[in-house]
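Notes follow the structure.
The values are calculated or read from the model by the stated rules, or taken from the named source; none is laboratory data. Because the structure is a prediction, the values reported are computed rather than measured. Virtual Cβ from ideal backbone geometry, glycine too; neighbours counted across all protein chains shown.
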Amino acid sequence: MARAQSHEDRTERYAAGGAEAARDERAIQATIDKTDKIARQDEKAPQTGARKYPVPPLPEQHQAKPGSEAKLDPQPMFDAPYYKGSEKLKGKVAIVTGGDSGIGRSVAVLFAREGADVAILYLDEHSDAKVTQAAVEKEGRKCITIAGDVAEAAFVVTPWKK
């Protein structure tokens, strides 16, 4: 019984570490925002695929780091609907850090399409991680989500069981 509690305590501590790292990243982003003076350019999105892409100007949607992808409109495209996997990763397991959103979400979904089960490590964007988990499972693969800060060595070397 004590061993299970110890594992739960570590899990909670690592999730708290992920939340702390998220706060630190938000502070860094606040500093960047004060100096960021990038000029906006009017440009058109290339229409190179079978589906339509959003065309600028897109609505301004600045978020503190790490942001929540669920709050974006339009929603980012991550599913690559016209890509057919070839089972190159069948029977493998992939660990994707930052897999809750952005490029990490795309990688997680496409690894699943190639046949891999996926473990997603992320800071504290739980709702985003659940969306990625659902997308991976929609590909017919298993997916677990683990909150924590991969910059913390103790988190990285912890054996995870689920």
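Selection of the stretch 70-112 for residues being over 30 Å from residue 19 (Cβ atoms) and touching a Phe, Trp or Tyr at 6+ places or on another chain (Cβ under 7 Å) yields only 89.
Of all residues in the stretch 1-47, those satisfying the criterion of being at pLDDT 65 or above, over 24 Å from residue 121 (Cα atoms) and among the β-branched types (Val, Ile, Thr) are 31, 32, 35.
Listed residues 128, 73, 79; which is modelled with pLDDT under 95 and surrounded by 19 or more Cβ atoms within 10 Å (Cβ to Cβ)?
Working: 73 fails: surrounded by 19 or more Cβ atoms within 10 Å (Cβ to Cβ); 79 fails: surrounded by 19 or more Cβ atoms within 10 Å (Cβ to Cβ).
Answer to the selection: 128.
Looking at this structure, is residue 94 within 18 Å of the chain's Cα centre (by Cα), surrounded by 14 or more Cβ atoms within 10 Å (Cβ to Cβ) and under 23 Å from residue 28 (Cβ atoms)? It would help to see each step written out before you state the result.
Numbers: within 18 Å of the chain's Cα centre (by Cα): yes; surrounded by 14 or more Cβ atoms within 10 Å (Cβ to Cβ): yes; under 23 Å from residue 28 (Cβ atoms): no.
When the stated conditions are applied, residue 94 does not pass them.
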